[in-house]
Amino acid sequence: MANLPTPLEPMRNLADSLNLKELWIKRDDLTGVAFGGNKIRKLEYVIADAKEQNADTLVTVGAVQSNHCRQTAAMAARAGLRCILLLAGEEPEQYTGNLLLDRLFGAEVKFFPDDSFGNLTDRMASVVETLRDLGLQPYGIPPGAFMPVGTLGYVNAMAELKTQCEETAIFPERIITASGTGGTMAGMYIGAKMTELKADIIGVNVLRDAKETEERIREMVSRTLQEYPDLTEPFDPPVSIDERFAGEGYGILDDGVRSAVQMFAKMEGVLLDHVYTGKAGLALIRMALAGEIEPDSPTLFWHTGGQPALFATGESLLEG
């Protein structure tokens, strides 16, 4: 279902402003379904698994402006499956951004104002069981498709990147990307190990503290290799999580993130979101300006999507 391979493009204007000789972007915001995003890669594998199990309904969990839920709703529509979204937060007076698209794609949306992500993940099991009692064939998807079968999407993504690097003679020394649940990075570490792609993979934390995220990534690497042992031998991934750019909290548009979103837009015509990629973009900018990235060190920014969330922020994006 995904539009692959996604482009690998130079960001020359931004590179010049940051005094970097080589700066590239991997455009996983262009995976092709419903504004794209990194979850499309994961959901290809997840939905294939659901259909093998004869599922007729997908159930998943997220925040009110969840990119994952929007992509799940769209992929469910493409696959002819029912979709139920359990969202942590108050129902807004107006549906905007990802939430508006959830409804447009036909998803059934249920709000839980007093529950967190963790509580809703536990609640999802009881919802799945209730649907089964009603005669449906539900398939539960954790937040961010954080499950071994979903991780395969980014194992494959790293093989795709390795091919592009060899074809274009681009060899990044570091990859900077946003990290939420950790499933994307788990797949990236496995894929890099498989393909012998030599690059430091740096996750910019947007949700949990660094220690918890590192533990989750290592756990998912282990679980994935247990379930799919032919991928590569077990290993301890060199997990690198940077929590300096989380700002005021998950999904909060602060001044730093706003400036990063504006800078990418004005210099490259690239849209970041304020929840995930805006924080990763801020990390790239500040790391370069602080000298943490050497000017002649080739760097890749992995864009994981999320633009529809921008439309829930209104004119606050233009401040500053």
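Do we find that Y154 is in the same structural domain as S66 (by TED's automatic domain parsing), surrounded by 18 or more Cβ atoms within 10 Å (Cβ to Cβ) and of a type outside the set (D, E) in this structure? Talk me through it step by step, then tell me what you get.
Working: in the same structural domain as S66 (by TED's automatic domain parsing): no; surrounded by 18 or more Cβ atoms within 10 Å (Cβ to Cβ): yes; of a type outside the set (D, E): yes.
Here the answer is no, as Y154 does not meet what is asked.
Residue under question is G62, and the condition is that it be within 30 Å of M158 (Cβ to Cβ) and touching a Pro at 6+ places or on another chain (Cβ under 6 Å); does it hold? Step through it out loud before you land on a result.
Working: within 30 Å of M158 (Cβ to Cβ): yes; touching a Pro at 6+ places or on another chain (Cβ under 6 Å): yes.
So G62 fits the description; yes.
Quick test for you: out of A260, A288, A312, A283, pick the one residue that is within 26 Å of C165 (Cβ to Cβ), touching a Pro at 6+ places or on another chain (Cβ under 9 Å) and outside the structural domain of Q65 (by TED's automatic domain parsing). Talk me through it step by step, then tell me what you get.
Numbers: A260 fails: touching a Pro at 6+ places or on another chain (Cβ under 9 Å); A312 fails: within 26 Å of C165 (Cβ to Cβ); A283 fails: touching a Pro at 6+ places or on another chain (Cβ under 9 Å).
Unique residue meeting the criteria: A288.
Return the total of residues in the range 186-208 being over 17 Å from the mean Cα position of the chain (by Cα) and without any contact (Cβ under 8 Å) to a residue 40 or more places away in the chain. Step through it out loud before you land on a result.
Going residue by residue through the range 186-208, those that are over 17 Å from the mean Cα position of the chain (by Cα) are 192-200.
Imposing the further condition that a residue be without any contact (Cβ under 8 Å) to a residue 40 or more places away in the chain reduces the set to 192, 194-198.
Within the range 186-208, residues that are over 17 Å from the mean Cα position of the chain (by Cα) and without any contact (Cβ under 8 Å) to a residue 40 or more places away in the chain number 6.
If a residue has to be farther than 20 Å from A178 by Cα, part of a loop (DSSP other than H, G, I, E, B), in the same structural domain as A169 (by TED's automatic domain parsing) and free of Cβ contacts under 8 Å to residues at least 60 places away in the same chain to count, how many in the range 1-32 make the cut?
The qualifying residues number 0.
When the range 125-141 is examined, which residues are found to be out of contact with any Lys or Arg (no Cβ under 7 Å at 6 or more places or on another chain), at pLDDT 95 or above and either within 24 Å of G182 (Cα to Cα) or not in a helix (DSSP H, G or I) (or both)?
Across the range 125-141, the qualifying residues are V128, L134, G135, L136, Q137, Y139, G140, I141.
Of all residues in the range 67-80, count the ones that are in a loop (DSSP other than H, G, I, E, B) and in contact (Cβ under 8 Å) with a residue 40 or more places away in the chain.
0
Of the numbered conditions (1) in contact (Cβ under 8 Å) with a residue 60 or more places away in the chain; (2) within 16 Å of G180 (Cβ to Cβ), F245 satisfies every one except a single condition; which is it?
(1)
Would you check if L120 is out of contact with any helix residue (DSSP H, G or I) (no Cβ under 6 Å at 6 or more places or on another chain), over 22 Å from I241 (Cα atoms), in contact (Cβ under 8 Å) with a residue 24 or more places away in the chain and outside the structural domain of I293 (by TED's automatic domain parsing)? Steps first, please.
Values: out of contact with any helix residue (DSSP H, G or I) (no Cβ under 6 Å at 6 or more places or on another chain): yes; over 22 Å from I241 (Cα atoms): yes; in contact (Cβ under 8 Å) with a residue 24 or more places away in the chain: yes; outside the structural domain of I293 (by TED's automatic domain parsing): yes.
Against the criterion (out of contact with any helix residue (DSSP H, G or I) (no Cβ under 6 Å at 6 or more places or on another chain), over 22 Å from I241 (Cα atoms), in contact (Cβ under 8 Å) with a residue 24 or more places away in the chain and outside the structural domain of I293 (by TED's automatic domain parsing)), L120 qualifies.
Residues of the range 185-212 being at pLDDT 95 or above and touching a Gly at 6+ places or on another chain (Cβ under 8 Å), which ones?
Listed by number, the residues that qualify are M185, G187, L197, G203.
Please determine, by comparing only the residues of the range 1-51 that are in contact with a Leu (Cβ under 6 Å, 6 or more places away or on another chain) and aromatic (F, W, Y), which one is nearest to K162 (Cα to Cα).
So, considering only residues that are in contact with a Leu (Cβ under 6 Å, 6 or more places away or on another chain) and aromatic (F, W, Y), the one nearest to K162 (Cα to Cα) is W24.
Can you pull out the residues in the range 267-310 that are surrounded by fewer than 16 Cβ atoms within 10 Å (Cβ to Cβ) and either in contact with a Ser or Thr (Cβ under 8 Å, 6 or more places away or on another chain) or hydrophobic (A, V, I, L, M, F, W, C) (or both)?
Correct list: L289, A290.
Got at least one residue in the range 72-92 being more than 28 Å from I252 (Cβ to Cβ) and out of contact with any strand residue (DSSP E or B) (no Cβ under 9 Å at 6 or more places or on another chain)?
Yes, there is a match, as at least one residue in the range 72-92 is more than 28 Å from I252 (Cβ to Cβ) and out of contact with any strand residue (DSSP E or B) (no Cβ under 9 Å at 6 or more places or on another chain).
Would you mention how many residues in the range 34-71 are small (G, A, S) and under 12 Å from the mean Cα position of the chain (by Cα)?
Start the filter on the range 34-71 by keeping residues that are small (G, A, S), which leaves 34, 36-37, 48, 50, 55, 62-63, 66.
Pick out the ones that are also under 12 Å from the mean Cα position of the chain (by Cα) and you get 36-37, 66.
Number satisfying all stated conditions: 3.
The values are calculated or read from the model by the stated rules, or taken from the named source; none is laboratory data. The model shown is predicted, which means the values in this text are computed figures rather than measured ones. Neighbour counts run over all protein chains shown; Cβ positions are idealised from the backbone, glycine included.
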